[in-house]
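Notes for the one structure printed next.
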Amino acid sequence: MIEILNPSEVARAKDTGALVADILQTVKSRTAVGTNLLDIDQWTKAMILEAGAESCYVDYEPSFGRGPFGHYICTSVNDAVLHGLPYDYTLADGDLLSLDLAVSLGGVAADSAISFVVGESKPPESVALINATERALKAGIAAAGPGARTGDISHAIGSVLREAGYSINTEFGGHGIGSTMHQDPHVSNTGRPGRGYKLRPGLLLALEPWVMADTAELVTDADGWTLRSATGCRTAHSEHTIAITENGAEILTLPKHTRP
Ligand code: MG
Ligand code: MG
């Protein structure tokens with residue numbers, strides 16, 4: 001189903017998006033060498049509850065996962081890229097951490113992901129992966145202008161990732177979002193311009209380029225949730241929720257210091 005939100009629902013989505021961005025930035029600022037993934041999960045839970053919001057994850061039980069997720073944020077480390085189930089792991093210098101968070105506030109959901117390297121060392125391969133997903137996300141958002149179609153976004157994202165030298169997995173990608181976290185239309189991370197669903201004001205999309213350094217193949221961890229690169233290589237993921245307006249896309253999950 002594709003939902004088109006009315007202006008008051010879009011206004012509420014902005015509040016949800018700001019909350020998601022603020023939680024991610026707070027978690028990022030607190031995370032250091034020695035932080036445990038379960039601490040990150042508890043910080044997130046506390047911030048969601050304090051805001052009077054609801055987790056989209058804790059009771060989430062999709063066809064591909066094993067039982068309810070049971071946690072409040074996805075923490076994917078190094079070769080883990082999507083749906084990282086928090087576990088008793090202490091972060092080390094140079095770990096590449098991807099955080100993915102979706103919450104619902106006032107009946108409207110928002111979804112965002114960030115990737116960063118923990119500690120002082122900045123491995124060039126990890127920095128390149130993160131930069132590629134951030135640039136691809138920016139290009140995808142720029143392609144979501146008036147009259148655009150989902151294929152224009154997919155093409156823009158895929159072009160950046162391919163030019164950066166990565167192959168693209170099409171099993172998971174962007175999606176519509178609104179009263180629930182995952183809705184149509186699907187927005188693949190590669191595609192043909194001019195194809196797909198024509199964007200309309202009031203549509204919310206979560207765009208989420210992700211890459212693996214030397215493969216497009218995923219394997220599922222023994223935890224039944226975490227998706228890892230088949231080769232054990234490093235990975236990165238960036239995601240924003242955007243609202244389609246008459247004039248183009250508005251990013252709802254910008255960090256506070258970068259909001260207009
Ligand atoms: Mg997400
Ligand atoms: Mg998403």
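Assorted remarks:
- Residue among K14, K45, K28 that is assigned to a helix (DSSP H, G or I) and closer than 24 Å to V127 by Cα: K28
- Top-ranked residue in region 37-58 [being of a type outside the set (D, E, K, R) and open to solvent by less than 20 Å² (accessible area, probe 1.4 Å); ranked as farthest from R259 (Cα to Cα)]: L37
- Qualifying position, being touching a Pro at 6+ places or on another chain (Cβ under 8 Å) and away from ligand 2 (no atom under 16 Å from the Cβ), among L105, L96: L96
- Number of positions in region 151-176 that are more than 17 Å from L82 (Cα to Cα), touching a strand residue (DSSP E or B) at 6+ places or on another chain (Cβ under 9 Å) and open to solvent by 10 Å² or more (accessible area, probe 1.4 Å): 1
- L105 being under 25 Å from M1 (Cβ atoms), touching a residue at least 60 places away in the same chain (Cβ under 8 Å) and of a type in the set (A, V, I, L, M, F, W, C): yes
- Restricted to region 125-141, and to residues there that are free of Cβ contacts under 8 Å to residues at least 24 places away in the same chain and among the aliphatic types (A, V, I, L, M), the residue that is least open to solvent (accessible area, probe 1.4 Å) is A139.
- When residues of region 87-103 are limited to those that are open to solvent by less than 20 Å² (accessible area, probe 1.4 Å) and in a loop (DSSP other than H, G, I, E, B), the one farthest from ligand 1 (Cβ to nearest atom): G94
- Residues satisfying the stated conditions in region 239-254, i.e. farther than 18 Å from A139 by Cα and surrounded by 15 or more Cβ atoms within 10 Å (Cβ to Cβ): none
- Among the numbered conditions (1) basic (K, R); (2) within 16 Å of S104 (Cα to Cα); (3) at pLDDT below 95, the only one that R66 does not meet is (2).
- Test: residue in region 104-120 that is within 18 Å of D41 (Cα to Cα), more than 14 Å from ligand 1 (Cβ to nearest atom) and open to solvent by 40 Å² or more (accessible area, probe 1.4 Å): no
- When we screen R135, R195 for residues that are at pLDDT 95 or above, more than 16 Å from ligand 1 (Cβ to nearest atom) and more than 17 Å from the chain's Cα centre (by Cα), the only hit is R195.
- Note on region 219-238: among residues that are more than 16 Å from ligand 1 (Cβ to nearest atom) and of a type in the set (A, V, I, L, M), the one that is most open to solvent (accessible area, probe 1.4 Å) is A222.
- Residue match in region 153-170 (condition: in a strand (DSSP E or B) and within 18 Å of D111 (Cα to Cα)): no
- Within region 198-218, the set of residues being outside any loop (DSSP other than H, G, I, E, B), open to solvent by less than 50 Å² (accessible area, probe 1.4 Å) and more than 20 Å from A164 (Cα to Cα) comprises L204, L205, A206.
- Positions within region 61-86 being open to solvent by 40 Å² or more (accessible area, probe 1.4 Å) and in contact with a His (Cβ under 9 Å, 6 or more places away or on another chain), in sequence order: F64
The values are calculated or read from the model by the stated rules, or taken from the named source; none is laboratory data. Since this is a predicted model, take the numbers as computed values, not measurements. Glycine also receives a Cβ, built like all others from the backbone with ideal geometry; neighbour counts cover every protein chain displayed. Ligands, DNA and RNA are stripped out before the accessible areas are found, and what is left, the full protein with its side chains, is counted by its heavy atoms. Shrake-Rupley method; radii C 1.70, N 1.55, O 1.52, S 1.80 Å.
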